[in-house]
Amino acid sequence: VIDPRRQGQYERLYTQLEGLIKEKSPNLIAGMATMVALLHAKLSYHFWTGFYFVAGPDELHVGPYQGSVACQILKGRGVCLACATSGEAVVVPDVHVFPGHIACDPRSQSEIVLPLKKEGRVVAVLDIDSDQPAMFDEDDVAPLQKILELLVPLMSE
Ligand code: SME
């Protein structure tokens, strides 16, 4: 546990995002944009919050995001691709020791990436970067994954 207040914050953000997205967001992009806007604004340790779409077996394309200007295409390596390929969340306490990490902004120090799946297939990943080291651990995975699942009904078309 990095901060004992965080689980409560996640629960409040879930409820708030449920109200904003469920039966309101007209499509997936709208829901994603609203999600990253709120997460980025409310969680002060977020330095970059955004989505990458799976665009091929080895390639991701940036989606809605908040923070500094991002790499548009991620190819061949990196934390986001590791998550997309494995279908599992990836927690990186120190980006400098993750082999193949892609530094879109050199100020990023730690990172968490979670998969958004449709019928078992990864469609996109949510990437959160912090400019402080070790800002995420395994306790962040389940509450963030629950928030991410709010987008599943928007993937049906
Ligand atoms: N660090 C990511 C790249 C994306 S950004 O930092 C916005 C990666 O290694 O996949």
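Listed values, structure above:
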{"quantity": "Cα-based equivalent ellipsoid, the chain: semi-axes from gyration tensor eigenvalues, Å", "calculated": "22, 19, 14"}
{"quantity": "Reciprocal mean inverse distance between Cα atoms of the stretch 9-102 - Kirkwood radius, Å", "calculated": "14.6"}
{"quantity": "Average accessible area per residue (Å²) across the stretch 41-107 - probe 1.4 Å, nucleic acids and ligands excluded", "calculated": "50"}
{"quantity": "Residue (of Cys71, Met32, Phe98) at the positive-pole extreme of the chain, dipole from beta-carbon charges", "calculated": "Met32"}
{"quantity": "Accessible area (Å², 1.4 Å probe, nearest 10) - Met135", "calculated": "30"}
{"quantity": "Cβ charges +1 (Lys, Arg) and -1 (Asp, Glu), total dipole of the stretch 1-102, debye", "calculated": "240"}
{"quantity": "Total formal charge among the other residues, if their Cβ is under 9 angstrom from that of Val152, Lys/Arg +1 and Asp/Glu -1", "calculated": "+1"}
{"quantity": "Stokes-Einstein diffusion coefficient of the stretch 80-127, Kirkwood radius over Cα pairs, 20 °C, 1.002 mPa s, in µm²/s", "calculated": "192"}
{"quantity": "Greater than 21 Å apart at Cα, pairs in Lys42/Lys118; Lys24/Lys146; Lys22/Lys42", "calculated": "Lys42/Lys118"}
{"quantity": "Relative pair counts by distance (%), Cα atoms of the stretch 1-55, 10 Å bins", "calculated": "21, 49, 26, 4"}
{"quantity": "Nitroxide proxy distance, nm - points 7 Å out along Cα→Cβ at Ala103 and Met155", "calculated": "3.2"}
{"quantity": "No Cys partner within the rule (Cβ under 4.7 Å), the chain", "calculated": "Cys80, Cys83"}
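The values are calculated or read from the model by the stated rules, or taken from the named source; none is laboratory data. Not measured: the values here are computed from a predicted model. Don't worry about glycine lacking a Cβ; one is built from the backbone with ideal geometry, like all the others, and counts go over all protein chains shown. Just so you know, the surface numbers come from the protein's heavy atoms only, side chains and all, with ligands and any DNA or RNA stripped out. Shrake-Rupley method; radii C 1.70, N 1.55, O 1.52, S 1.80 Å.
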